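J.: Handing you this structure, nothing more for now.
The values are calculated or read from the model by the stated rules, or taken from the named source; none is laboratory data. The structure presented is a predicted model; accordingly, all values stated were derived computationally and were not measured. Quick reminder, even Gly has a Cβ in these numbers, built from the backbone with ideal geometry, and neighbours come from all protein chains shown.
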Amino acid sequence: MLHRMMRVDHAGEYGANRIYAGQMAVLGRTQISPLIQEMWDQEKQHLRKFNEILAENRVRPTLLLPLWNIAGFALGAGSALLGKEGAMACTVAVEESISEHYNSQIRTLMEKDPEKYTELLQLIKEFRDDEMEHHDQLIIEILVFALPFYVLLTHDPSLLQVPGYQLMKAIIQVGCKAAIYISERL
Amino acid sequence: LCCGYWDMAALIRGLRAGRVLRGLGSVAVQGTLSPQGSNVRRAFHRTILLQLVNDSKSDTSVPPPSYHEVHTAGESSSSSAHGESSEDAQPNTSFQDQSGEHGEDYETEEQLQARILTTALEFVPQHGWTVEAIAAGAETLGLSSASTGMFNNGAGDLVLHFVTQCNAQLAETLAEQNNKVQLGQAESKKTAEFLRDAVETRLRMLIPYIDTWPQAMSILLLPHSIPDSLKHLSTMVDDIWYYAGDRSTDVNWYTRRAALTGIYNTTELVMVQDSSPDFEETWAFLDNRIKDVVNMANTAKEVQATGESMVQGLMGAAITLKNITGMNQRR
């Protein structure tokens, strides 16, 4: 069970890295690039930590890493081609999925044996907080700076009111769930 | 069949966990094996594994939960609940046998089986990898030859036991060497040399049984034994690479292990038909295969480096072009 969790988390951070790489490839010369770069650096740090953990615990990495390499980059680049709002919306959806995934892992570990897994729990909580921070930062970025007129019109500070966002979010969340399921096993 | 011996509470719990079906299957097999002599009282030992009631999805290999009921004929009954150790073991769900006896100096069924199989190895040169060898081993220990009924896979169990023993020995040797290097008492070897020595060490363990080893290899390839034999092979290869210093977490993890598996298997095949003194030809073959793999790895690195520099050159040319045509402005 622990090995599965570590494997899927490693795959997740790897994919997140590639998503940001894709976004930077398209939007690297725009105003939004410092923000994306900063978030990318944090993900790189997460990935380094998981590489260490995998090596220490002799966990097998998922066989599909090359696939996540390409898929992540494609998702990042594709969403960035929709403009910086598209990139940010994609990141928001992905971060939400990842946070939910980390939360469920935290719940599982707490149910099993909180004392035994304190270190791992601490790590996952820290990473989850980082991902939530990205998520919140970008929501504000989108609603306040990119699409303020939506908020002014509808007085509803939810991203779901933006046309197309619900569809994108649904696709991304289903994709993330499938990726998590496969990476745990394969 | 043997419903009377089953703990009904355990059965209900097992049903809730949904895994009793596997146990039923193996008990059905047990029940149909009839002892040969009427003076043989079949040993029944209740072994309830913690994984039955534990929802953990452990990656460590879990043998199928089986309701074996064994009380040894003429020996004191060992009836402790035996839990497979796993990182997810929860003590509060372990079952105690009805008779309440804990295993103090009593043997568990697994230990008894291991003892029989280890003794049976002495008879392999005589009987081959067969149930006869196991029977001879059992008789040497003072048990009836019908205790071969304990082994569902017969010869397969014997071969797998031997393989497990060899792998454990190898892991111990590698760990010791690693310790010495950590303490500075020994030099660390280069990867190629390390792999070569590890494979040679492991293959030398086959030398006492080399005449009958082709039979063992074919037994390991039977559909029944393939999952276990593959698992042992992959664990062994993983151990060797780990002690060789591999800490990769990408595709290299897979390519390295695949390469070493290929090297090991082909060298094993060469060994069983090698008649040179002290298997010199086998070790020479091993040397060459490892050289091949190292060469391939180096070539791959060179190709990658060349590719990267080519890409950089092309990017440079593209940027120059963009500059010339004035397309390279900041948005």
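J.: If I go through the stretch A:41-68 residue by residue, how many of them are among the aromatic types (Phe, Trp, Tyr) and facing chain B (nearest Cβ under 10 Å)? Spell out the reasoning first.
T.: Going residue by residue through the stretch A:41-68, those that are among the aromatic types (Phe, Trp, Tyr) are A:50, A:68.
From what's left, facing chain B (nearest Cβ under 10 Å): A:50.
The total comes to 1.
J.: Could you tell me which of the residues A:Glu119, A:Glu85 is within 23 Å of A:Gln137 (Cβ to Cβ), in a helix (DSSP H, G or I) and of a type in the set (Asp, Glu)? It would help to see each step written out before you state the result.
T.: On the way: A:Glu119 fails: within 23 Å of A:Gln137 (Cβ to Cβ).
Within the list A:Glu119, A:Glu85, the selection yields A:Glu85.
J.: In addition: State whether the residues of the stretch B:305-319 include one that is among the polar types (S, T, N, Q), surrounded by fewer than 16 Cβ atoms within 10 Å (Cβ to Cβ), under 36 Å from the mean Cα position of the chain (by Cα) and away from chain A (no Cβ under 14 Å).
T.: Filtering the stretch B:305-319 for residues among the polar types (S, T, N, Q) gives B:306, B:309, B:312.
Now drop any that are not surrounded by fewer than 16 Cβ atoms within 10 Å (Cβ to Cβ), which leaves B:306, B:309, B:312.
Still in the list and also under 36 Å from the mean Cα position of the chain (by Cα): none.
Checked the stretch B:305-319: no residue is among the polar types (S, T, N, Q), surrounded by fewer than 16 Cβ atoms within 10 Å (Cβ to Cβ), under 36 Å from the mean Cα position of the chain (by Cα) and away from chain A (no Cβ under 14 Å).
J.: Within the stretch B:321-328, does at least one residue satisfy the condition of being assigned to a loop (DSSP other than H, G, I, E, B) and of a type in the set (A, V, I, L, M, F, W, C)? Don't jump to the end; show me each part of the working.
T.: Applying the first criterion (assigned to a loop (DSSP other than H, G, I, E, B)) to the stretch B:321-328 yields B:326-328.
When the remaining residues are screened for being of a type in the set (A, V, I, L, M, F, W, C), the result is B:327.
Looking for residues that are assigned to a loop (DSSP other than H, G, I, E, B) and of a type in the set (A, V, I, L, M, F, W, C), one finds at least one in the stretch B:321-328, hence yes.
J.: Does B:Glu176 count as free of Cβ contacts under 8 Å to residues at least 24 places away in the same chain and not hydrophobic (A, V, I, L, M, F, W, C)? Don't jump to the end; show me each part of the working.
T.: On the way: free of Cβ contacts under 8 Å to residues at least 24 places away in the same chain: yes; not hydrophobic (A, V, I, L, M, F, W, C): yes.
So B:Glu176 passes the test.
J.: Continuing with the same structure: Looking at A:Gln31, A:Gln37, which one is under 28 Å from A:Leu160 (Cα atoms) and within 10 Å of chain B (Cβ to nearest Cβ)?
T.: Details: A:Gln37 fails: within 10 Å of chain B (Cβ to nearest Cβ).
When all the criteria are applied, what remains is A:Gln31.
J.: OK, next. Which condition does A:Ala179 not pass, out of (1) at pLDDT below 80; (2) crowded, with 17+ Cβ neighbours inside 10 Å, if it passes all the others?
T.: Looking at each condition in turn, A:Ala179 falls short on (1).
J.: Could you list all residues from the stretch B:234-248 that are among the small types (Gly, Ala, Ser) and within 11 Å of chain A (Cβ to nearest Cβ)?
T.: Of the residues in the stretch B:234-248, the ones among the small types (Gly, Ala, Ser) are B:234, B:244-245, B:248.
Passing the criteria: B:Ser234, B:Gly245, B:Ser248.
J.: Still on this structure: Among (1) within 14 Å of chain A (Cβ to nearest Cβ); (2) within 24 Å of A:Tyr14 (Cβ to Cβ); (3) out of contact with any Pro (no Cβ under 7 Å at 6 or more places or on another chain), where does B:Val251 come up short?
T.: Exception for B:Val251: condition (3).
J.: Still on this model: Among the residues of the stretch A:82-95, count how many are more than 14 Å from chain B (Cβ to nearest Cβ) and either out of contact with any helix residue (DSSP H, G or I) (no Cβ under 6 Å at 6 or more places or on another chain) or under 15 Å from A:Glu13 (Cβ atoms) (or both).
T.: 4
J.: Can I ask one more? Filter the stretch B:104-127 down to the residues that are within 25 Å of B:Leu221 (Cα to Cα), crowded, with 17+ Cβ neighbours inside 10 Å and not β-branched (Val, Ile, Thr) and list them by number.
T.: Here is the first cut: in the stretch B:104-127, the ones within 25 Å of B:Leu221 (Cα to Cα) are B:110, B:113-127.
Going one step further and asking which of them are crowded, with 17+ Cβ neighbours inside 10 Å, we end up with B:113, B:116-117, B:119-121, B:123-124, B:127.
The answer is B:Gln113, B:Leu117, B:Ala120, B:Leu121, B:Phe123, B:His127.
J.: Does A:Arg48 count as in contact (Cβ under 8 Å) with a residue 24 or more places away in the chain and of a type outside the set (A, V, I, L, M)?
T.: On the way: in contact (Cβ under 8 Å) with a residue 24 or more places away in the chain: no; of a type outside the set (A, V, I, L, M): yes.
Considered against the rule, which asks whether it is in contact (Cβ under 8 Å) with a residue 24 or more places away in the chain and of a type outside the set (A, V, I, L, M), A:Arg48 comes out as no.
J.: Still on this model: Among the listed residues B:Thr249, B:Thr261, B:Thr266, identify the single one that is polar (S, T, N, Q), under 29 Å from A:Arg58 (Cβ atoms) and assigned to a loop (DSSP other than H, G, I, E, B).
T.: Details: B:Thr261 fails: assigned to a loop (DSSP other than H, G, I, E, B); B:Thr266 fails: assigned to a loop (DSSP other than H, G, I, E, B).
B:Thr249 is the lone residue from the list that is polar (S, T, N, Q), under 29 Å from A:Arg58 (Cβ atoms) and assigned to a loop (DSSP other than H, G, I, E, B).
J.: I've got another one for you. Just to be sure before I move on: is A:His3 facing another protein chain (nearest Cβ under 9 Å) and in a helix (DSSP H, G or I) in the structure I sent? Walk me through it before giving the result.
T.: Values: facing another protein chain (nearest Cβ under 9 Å): yes; in a helix (DSSP H, G or I): yes.
Spelling it out, A:His3 is indeed facing another protein chain (nearest Cβ under 9 Å) and in a helix (DSSP H, G or I).
J.: Identify all residues within the stretch A:69-80 that are within 14 Å of chain B (Cβ to nearest Cβ) and of a type in the set (A, V, I, L, M); write none if there are none.
T.: A:Ile70, A:Ala80
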